Amino acid sequence: MLAKRIIPCLDIKDGRVVKGVSFVNLRDAGDPVEVAKTYEAEEADEIVFLDITASHEKREIIIDVARRTSEMVFMPLTIGGGIRSLKDIERLLKAGADKISLNTSAVDNPQLVRQAAEYFGSQCIVVAIDAKRSGPCSWEVYTHGGRVARGLDAVDWAKEVESLGAGEILLTSMDQDGQQTGYDLELTRSVSEGVNIPVIASGGAGTLEHLYQALVKGRADAVLAASIFHYRTYTIHQAKAYLKERGIPVRM
Amino acid sequence: MIAILDFDMGNLRSIQKGIEQVGHKAVVTRDRAKIQSAHKLILPGVGAFRDGMRNLERYNLITPIYNAVEAGKPILGICLGMQLLFSESEEFGLTQGLGIIAGRVKRFAINLKVPHMGWNSIDIKKPIPLLRNSTQGEYFYFVHSYYGEPEDPDCIAATTEYGICFPSVISQGALFATQFHPEKSQSSGLKILKAFAEL
């Protein structure tokens with residue numbers, strides 16, 4: 001049976017992990033490769049690197065990070081943040097990323113999603129959607145790190161990127177992100193039921209119950225979390241044991 | 001030496017590094033002399049079937065693959081590399097494959113999300129050398145929308161459930177293939193690469 005995936009996410013700036021990661025046994029907790037290796041040892045199912053490097057000149061660094069990670073870590077690696085062109089995608093895939101996550105550039109230029117899926121295959125094209133509640137049952141898409149409202153309905157946009165060839169959706173609730181009060185279950189469920197490709201729920205995980213709810217009530221295929229894993233509130237193993245006990249298929 | 005065939009269908013570094021991790025050597029190459037002198041081949045690949053066949057042709061890799069099969073060299077097909085070994089695929093109409101395994105590559109016609117993406121378990125049907133370090137029900141990382149169905153059910157070494165039960169490991173003589181990615185399946189996958197390297 002296909003297991004539900006538990007995915008830690010690292011924010012990376014200038015090649016270094018940001019948001020303090022509280023790993024005691026690491027020589028260098030700022031090194032994305034070391035952190036990824038730790039998560040691999042805990043049997044995380046995948047890992048996501050979100051590059052928040054501001055300056056365009058320093059963007060070469062993430063390519064080197066992808067290369068070093070894929071040489072040391074044997075699990076799927078998704079890289080997102082600031083990816084604008086087929087050339088950017090190609091370079092990251094060649095460096096060793098397994099999937100590329102597009103956000104702002106997908107909204108600016110939806111044909112990029114289609115072209116990328118045609119060139120590289122749907123399986124490696126993830127579209128990240130940052131959504132903010134705009135009504136009782138509606139959510140608006142934001143880009144540029146959540147700063148710019150785009151006037152797009154999140155569920156409609158999810159359906160559109162599916163038809164453009166995206167292989168997966170990484171869905172973040174901007175209302176819940178950082179709150180640690182649980183994922184936006186209605187948003188997650190609306191998108192997950194609206195498309196026929198896997199949906200990763202993101203934004204709001206504070207407890208293991210939240211992960212469970214996103215998978216059951218939200219119907220997500222995978223859950224992404226940052227703080228609860230980085231600050232060692234829970235290990236990946238604890239999360240999986242909790243879910244398994246409640247009847248969720250997980251890989252242990 | 002193991003030759004990992006480079007035909008521009010995905011990143012091959014992780015396979016090479018995985019082989020190194022378990023104490024063996026591999027080269028990523030499309031050089032015919034290197035392929036000829038290798039004692040084992042890995043046929044990797046992610047992406048579309050048609051592009052995969054076209055690139056094998058473009059880089060003149062089809063004859064070296066047939067030669068290796070004829071010489072009885074161990075071959076490991078991974079994901080698209082597994083599918084390319086079949087006679088034909090339903091992807092983009094009907095496309096001819098290498099025809100080393102008689103059978104057809106089909107799209108999932110199921111009431112579940114496609115691609116089949118993530119970790120799923122295998123049900124071992126036959127104790128083949130490639131699986132000698134693996135255990136019944138072990139999880140591996142899959143990402144695919146199509147699966148290969150051999151005409152001869154006897155070459156199915158393991159199956160996986162996703163809406164239907166599909167072949168996830170194939171063996172036919174010295175030929176082995178996995179629909180999952182051993183190089184992305186952490187220690188479970190490295191055990192497969194080790195078993196192949198030590199055949």
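When the surface is traced with a 1.4 Å probe over the full set of protein chains, A:Ser85 keeps roughly 40 Å² accessible. Given in Å, the Rg to one decimal and the Dmax to the nearest whole number for the Cα atoms of segment B:135-177 are 10.7, 30.
Expressed as a whole percent, the accessible surface of segment B:2-197 that belongs to carbon and sulfur atoms is 48, based on a 1.4 Å probe.
Taking the three principal axes of the alpha carbon atoms in segment B:87-199, the coordinate ranges are 38, 30, 21 Å, sorted in descending order.
Take the accessible area of chain B alone and of chain A alone, subtract that of the pair, and you get about 2500 Å² summed over both chains, using a 1.4 Å probe. Taking all protein chains as shown and a probe of 1.4 angstrom, B:Ser134 keeps an accessible surface of around 20 Å². Counting only DSSP H runs of at least 4 residues, each contributing -39500 (n - 2.57), and dividing by the residue count of the protein assembly as shown, the helix-based mean residue ellipticity at 222 nm comes to -9000 deg cm²/dmol. Per-residue shielding of B:114-123, expressed as the average number of other chain Cβ atoms within 10 Å of the residue Cβ, stands at 6. The phi torsions of segment A:112-123, fed into the Karplus equation with coefficients 6.51, -1.76 and 1.60 and a -60° offset, translate into couplings of 4, 5, 4, 5, 5, 5, 5, 6, 10, x, 4, 4 Hz, rounded to whole numbers, with Gly and Pro shown as x. A:Val17's amide H: which non-local residues (gap 5+, or another chain) put their own amide H closer than 5 Å, with H modeled 1.01 Å from N in plane and none for Pro or chain starts? HN-HN under 5 Å from A:Val17: A:Asp31.
Modelled spin-label separation between B:Ala71 and A:Glu90, with each label point placed 7 Å from Cα along the Cα-to-Cβ direction: 3.3 nm. Loop-located GluC sites (Glu not before Pro) across segment B:62-93 with a Cβ neighbour count of 10 or fewer within 10 Å are lacking, with loop assigned by DSSP.
A loss of 20 Å² or more of accessible area (1.4 Å probe, protein heavy atoms, ligands and nucleic acids excluded) relative to the isolated chain is seen in these residues of segment A:207-252: A:Arg251.
Keeping the other protein chains in place, figure out the carbon and sulfur percent of the accessible area of chain A, with a 1.4 Å probe. Result for chain A: 49 percent of the exposed heavy-atom area is carbon or sulfur.
Within the protein assembly as shown, the ratio Rg/Rh, alpha carbon atoms throughout and Rh by Kirkwood, equals 0.96. Note on segment A:106-241: semi-axes of the ellipsoid equivalent to its C-alpha gyration tensor, largest first and rounded to whole Å, are 25, 17, 13.
The ellipsoid that matches the Cα gyration tensor of chain A has semi-axes, each √(5λ) in whole angstrom, of 24, 23, 16, with the longest given first. Run a plain Debye calculation on segment A:5-104 (Cα atoms as equal point scatterers, no solvent) and give log10 I(q)/I(0) at q = 0.10, 0.19 Å⁻¹, rounded to two decimals, same order as the q list. Results for segment A:5-104 at q = 0.10, 0.19 Å⁻¹ read -0.23, -0.86. Considering only alpha-carbon pairs that sit under 8 angstrom and 6 or more positions apart, the relative contact order computed for chain B is 20 percent. Are there residues in segment B:1-24 whose accessible area shrinks by at least 20 Å² when all protein chains are included rather than the chain by itself, and which are they (probe 1.4 Å, ligands and nucleic acids not counted)? Listed by number, the residues meeting the 20 Å² cut-off are B:Asn11, B:Arg13, B:Ser14, B:Lys17, B:Gln21.
Measuring against 32 Å, Cα to Cα, the residue pairs A:Lys94/B:Lys191; B:Lys17/B:Lys125; A:Lys217/B:Lys125; A:Lys58/B:Lys184; A:Lys94/B:Lys25; A:Lys87/A:Lys159 contain A:Lys217/B:Lys125 as the ones spanning a longer distance. I'd like the FRET efficiency for A:Arg147 and B:Glu90, computed as 1/(1 + (r/R0)^6) with the beta carbon distance as r and R0 of 51 Å, rounded to 0.05. Using R0 = 51 Å, I get an efficiency of 0.70.
Along the axis of the charge dipole computed for segment B:2-197 (Cβ charges of +1 for Lys and Arg, -1 for Asp and Glu, origin at the Cα centre), the listed residues B:Val28, B:Ser171, B:Thr95 are led at the positive end by B:Val28.
Solvent exposure of segment A:1-147 amounts to 41 Å² per residue of accessible area, where only protein heavy atoms count and the probe is 1.4 Å. Normalised by the number of residues in segment A:147-252, the mean separation of alpha-carbon contacts (under 8 Å, six or more apart) gives a relative contact order of 22 percent. A straight line joining the Cα centroids of segment B:141-169 and segment A:21-92 runs 32 Å. Accessible surface computed residue by residue for segment B:2-197, with neighbouring protein chains in place and a 1.4 Å probe, gives 37 Å² per residue.
Considering only alpha-carbon pairs that sit under 8 angstrom and 6 or more positions apart, the relative contact order computed for segment B:12-105 is 24 percent.
Shielding by partners for peptide A:120-128, expressed as the average number of C-beta atoms from other protein chains within 10 Å of each residue's C-beta, is 5.
The slack between A:Cys137 and A:Gln238, meaning 0.36 nm per residue of separation minus the straight C-alpha distance, is 33.0 nm. For the pair segment A:199-252 and segment B:109-139, the centres of their Cα atoms are 23 angstrom apart. What the Kirkwood sum gives for segment B:1-113 is a hydrodynamic radius of 14.5 Å, with every pair of different alpha carbons counted. Can you work out D for chain B in µm² s⁻¹ from Stokes-Einstein, where Rh is the Kirkwood radius over C-alpha pairs, the temperature is 37 °C and the viscosity is 0.692 mPa s? D = 200 µm²/s. Ellipsoid semi-axes for segment A:45-153, based on the Cα gyration tensor and the rule √(5λ), read 25, 15, 14 Å when sorted largest first. Each Lys and Arg adds +1 at its Cβ and each Asp and Glu adds -1 at its Cβ; summed about the Cα centre, segment B:2-197 shows a dipole of about 560 debye.
A simple spin-label model places pseudo-atoms 7 Å from Cα toward Cβ; at B:Leu199 and B:Arg58 they are separated by 2.8 nm.
The values are calculated or read from the model by the stated rules, or taken from the named source; none is laboratory data. Treat the numbers as computed from the prediction; the structure is a model and nothing was measured. All Cβ positions, glycine included, derive from the backbone under ideal geometry; neighbour counts span all protein chains shown. These area figures cover heavy atoms from the full protein model, side chains too; ligands, DNA and RNA do not enter into them. Shrake-Rupley method; radii C 1.70, N 1.55, O 1.52, S 1.80 Å.
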